[in-house]
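The values are calculated or read from the model by the stated rules, or taken from the named source; none is laboratory data. Just so we're clear, the structure is a prediction, and the values are computed from it rather than from any experiment. Surface areas here come from the heavy atoms of the whole protein model, side chains and all, with no ligands, DNA or RNA. Shrake-Rupley method; radii C 1.70, N 1.55, O 1.52, S 1.80 Å.
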Amino acid sequence: MYQQQSLISCPPDANRIMTANNNGMMNYMIGTYPPEVDVKLKKLAFFDILATLVNPSLLAPTSSQRLHENSLHFTLTPAQATEIATNRDIRNASRVEHTVQVQLRFCLMDTTTEQDDYFPPNISVKVNGKQCQLPNPIPTNKPGVEPKRPPRPVNITGNVKLAPLVTNTIQISWCTEFNRGHVASIYLVRKLSSVQLLQRLKTKGIKAADVTRALIIDKLKEDADCEIATTMLRVSLTCPLGKMRMTTPCRASTCSHLQCFDACLYLQMNERKPTWNCPVCDKQAVYENLVIDGYFQEVIASKDLGADSNEIQLHNDGSWSAHVLKSDTQALDTPIKTLQNVEIISDDLEVISTKCAKSENATGNQGAAEPSSTTGETVDLTLSDSDEDLPLKRKQNSGNR
């Protein structure tokens, strides 16, 4: 682990600070500018922090005007500069991909909870005098509402001086918001792939089948007093994302349903557009809460399950059987979601294969699993920032094209 560094310039005419009120948010008060604040940002699943280059630091207003400018400064050690230079993918000559990156993050000035990324209004960033590309604002039709940028970190590695002990300068201009303060921080991070996160998930351990079996028994006991008794539950083995049988069934520990989804495909989709919403119940399902379910792994690997059987029946003793359409006392353990036929049109689409890679290498720098050449179902994932809240568009590959 690298030694922590924190170098930041304090504007001499900064004459305001933020002091916490009862809600933890900050109000402007006359005082002295504090270079660092005790704000914690949420951990990003696809990045390991190697070093903190600039601790979370308050963006201090420099005048009575709405537009302000601050500067942050940091230097890289020889080891850090070497780490960045030697960990990059140069196969694409037009765009060099760094595995080890210098990452700039913004958030609100709030010390009560861990903060999501949040961009100040009208923000502009220059790194060593060069304009930095930020996520495009999400368009809005609401009158008088300023479009917001997607909450993502900013990779500034391409404009950073990799020479050790040479000062890098980040100029930030932004507009203040009523009753809100903003914080900036800079980190040295290692970018991870969905394959690596899947391996980490498997290494963390698999939830014992007996735990799920006990949940099934309890779930059916809860319904025993209903007018129409539920004697069994029906659960699908098809992933709600890829519409194919799961290979690594998982769900979040915070979810109450038994229905699982495929961990490989879920990680691939969040690698490109991180939302971390459960595809079954639409609640938050962050990486730290994901668990692989040993019960459904055993079901999928069982010889008693037919090749075409994609639904099973769960019985009140915790056992299962292949689904047969004849009982009126079955219940489907999947939250009902309204489906809409929405045509998503975008110039920037990425096709993610629902056939996951078999690679178990957690230290390689490869990206998501490569698509299979066999005929199967794929998922189109829009990369446009303006489509942040639109559903995914699924499309069946045809071998007769």
Once phi is turned into ³J(HN,Hα) by the Karplus curve 6.51 cos²θ - 1.76 cosθ + 1.60 with θ = phi - 60°, what whole-Hz value does each residue of the range 123-138 show in order, with x for glycine and proline?
7, 9, 10, 10, 10, 6, x, 9, 5, 9, 6, 10, x, 5, x, 7
From the cross-link list K221/K283; K126/K148; K130/K283, the entries with a Cα-Cα span beyond 28 Å are K130/K283
Calculate, for the range 60-202, the solvent-accessible area per residue in square angstrom, rolling a 1.4 angstrom probe over the heavy atoms of the protein chains.
48 Å²
Relative contact order in percent for the range 83-133 (Cα pairs under 8 Å, 6+ apart) equals 20 percent
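From the cross-link list K42/K161; K207/K273; K40/K161; K42/K273, which pairs have alpha carbons spaced over 22 Å apart?
Over 22 Å apart, Cα to Cα: K42/K161; K207/K273; K40/K161.
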Counting only residues 5 or more apart in sequence or on a different chain, those whose built amide H sits under 5 Å from that of M232 are A331
For I292, distant residues with modelled amide H under 5 Å away
K207
Can you list residues from other chains, or at least 5 along the same chain, whose modelled amide H is less than 5 Å from the amide H of L50?
L188, V189, R190
Can you work out the Karplus-derived ³J(HN,Hα) for every residue in the range 249-262? Use 6.51 cos²θ - 1.76 cosθ + 1.60 with θ = phi - 60°, whole Hz, and x for glycine or proline.
x, 8, 7, 7, 5, 8, 8, 9, 8, 8, 4, 9, 9, 7
